[in-house]
Amino acid sequence: MAAPLAYLDHAATTPLRPEALDAMLPFLTEHFGNPSGSHAVSRAARAAVDEARVTVAEALGCDAGEVVFTGGGTEADNLALSGVVARRGGTVVCSAVEHHAVLHATAALGGRMVGVGPDGVIDLDALAAALDDTVSVVSVMLANNEVGVVQPLAEVARVMRRAAPDAVLHTDAVQAFPWLDVATLAGPAALVAVSAHKFGGPKGVGALAVRAGTEVEPLLHGGGQERDRRSGTHNVAGIVGMAAAMRATVTGMQATNARVGALRDRLADGLLAAVPGAVETGVRANRIAGCCHLRFPGIESEALLVLLDDAGLCASAGSACASGALEPSHVLAAMGVPRSEALASLRLSLGLTTTDDEVDLALKIIPEAVARLRACG
Ligand SMILES: Cc1ncc(COP(=O)(O)O)c(C=O)c1O
């Protein structure tokens with residue numbers, strides 16, 4: 001596979017940070033121990049997991065004992081929702097724009113969804129109306145994976161205190177972590193999920209912060225690791241890599257936001273100027289810095305993605321192919337975007353490694369590709 005000329009799909013996954021790789025390598029080679037054992041080889045692995053736990057706790061604004069390492073964001077979300085409902089009964093209420101990890105878990109638990117406004121922000125009146133004493137957990141993401149919209153968790157928590165004071169708040173901070181101060185913004189949440197591969201750590205490892213006073217029934221039963229909240233031998237290298245990526249992300253967050261935010265603005269403004277009829281989804285000011293979401297009426301995003309891929313540009317669309325028919329994204333549908341426009345959308349997600357040259361290339365290739373499709377259509 002030739003390297004792409006422009007990779008603008010960092011929300012799907014972002015390259016491993018060198019700091020993470022360096023931290024991981026010894027735990028894939030000489031420090032191979034199982035951290036649950038009692039001898040010297042095990043102790044070296046356990047010390048690394050303990051140290052990583054402290055780093056993750058600081059980044060999530062909780063105590064080390066409140067961190068549960070998981071096999072990624074999907075597992076962390078499922079542990080949060082299923083875990084609370086299994087312990088306390090009741091049901092789940094989530095926003096209509098959640099990632100499928102939350103949406104499908106909510107459906108499986110018999111829960112319900114609350115709509116959002118045209119700006120993608122949760123409708124707080126609808127939330128209040130959906131809450132009652134049957135609700136044990138409310139799930140609202142910190143930042144959306146398709147359109148990057150940031151949700152007002154403090155206001156969500158205020159509504160919950162009035163309408164369902166016994167319910168706990170879970171936030172999926174998987175897309176938020178590279179960009180936002182999760183320790184502060186997720187403060188109102190009792191449960192916080194993150195996934196390493198979205199911020200320069202490896203795939204298949206994540207964490208759920210479970211604040212004291214909130215109990216979760218484990219999804220996985222076995223050896224009782226993670227204080228009986230998640231059994232299974234620790235992914236030591238993955239956990240160490242996640243912690244290293246977190247440390248580096250937090251250290252560089254301000255500078256990365258400024259640099260990537262400026263690139264994103266140049267990209268979005270350039271495309272809006274170059275493509276007649278292009279529309280930006282949502283409100284840019286309330287969006288994580290790496291996210292650019294545009295619609296190009298008159299084209300189909302699937303066809304656009306093929307042309308872009310041929311030209312060496314990796315991007316994505318919010319739509320998914322279900323049983324042969326192209327389905328518009330549930331996020332855009334919840335925001336009231338007309339179906340035909342939702343099917344004409346493009347998500348360009350930038351990251352730490354995004355360069356000026358990649359943005360220049362996108363500004364050249366995308367208007368040409370849209371013009372070509374419109375000429376054919
Ligand atoms: C908002 C959000 N939540 C959860 C997940 C799932 O995380 P993972 O890929 O680690 O299972 C993703 C991944 O795309 C996501 O964007």
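The values are calculated or read from the model by the stated rules, or taken from the named source; none is laboratory data. Computed from a predicted structure; not experimentally measured. Cβ coordinates were reconstructed from backbone atoms using ideal geometry, including for glycine residues, and neighbour counts include every protein chain displayed. Only protein heavy atoms, including side chains, enter the accessible area calculation; ligands, DNA and RNA are left aside. Shrake-Rupley method; radii C 1.70, N 1.55, O 1.52, S 1.80 Å.
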What's the total number of residues in the range 223-265 that are open to solvent by 50 Å² or more (accessible area, probe 1.4 Å) and either in contact (Cβ under 8 Å) with a residue 40 or more places away in the chain or within 24 Å of residue 137 (Cβ to Cβ) (or both)? 7
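Among the strands (runs of 3 or more DSSP E) contained in the range 106-225, which hold 2 or more residues that are closer than 28 Å to residue 316 by Cα?
Working: elements: 112-114, 135-139, 168-172, 191-195, 206-210.
Fully inside the range 106-225 and qualifying: 112-114, 168-172, 191-195, 206-210.
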Report the residue count in the range 9-39 for those that are more than 26 Å from residue 292 (Cβ to Cβ) and open to solvent by less than 60 Å² (accessible area, probe 1.4 Å). 7
Filtered residues of the range 108-119 (kept if surrounded by 17 or more Cβ atoms within 10 Å (Cβ to Cβ) and more than 15 Å from the ligand (Cβ to nearest atom)): 109, 111, 113, 114
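Out of 186, 173, 157, report the one residue that is more than 12 Å from the ligand (Cβ to nearest atom), in contact with a strand residue (DSSP E or B) (Cβ under 9 Å, 6 or more places away or on another chain) and within 30 Å of residue 234 (Cβ to Cβ).
Details: 173 fails: more than 12 Å from the ligand (Cβ to nearest atom); 157 fails: within 30 Å of residue 234 (Cβ to Cβ).
It is 186.
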With the condition kept exactly as written, say whether any residue in the range 88-106 is touching a residue at least 60 places away in the same chain (Cβ under 8 Å), of a type outside the set (Phe, Trp, Tyr), in contact with a Lys or Arg (Cβ under 8 Å, 6 or more places away or on another chain) and under 23 Å from residue 349 (Cα atoms). no
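Would you mind stating whether residue 10 is within 16 Å of the ligand (Cβ to nearest atom) and assigned by TED's automatic domain parsing to the domain that holds residue 316? Can you show your working first?
Working: within 16 Å of the ligand (Cβ to nearest atom): yes; assigned by TED's automatic domain parsing to the domain that holds residue 316: yes.
Here the answer is yes, as residue 10 does meet what is asked.
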Taking only the range 67-107 into account, find how many residues are open to solvent by less than 10 Å² (accessible area, probe 1.4 Å), more than 22 Å from residue 235 (Cα to Cα) and near the ligand (Cβ under 10 Å from one of its atoms). 3
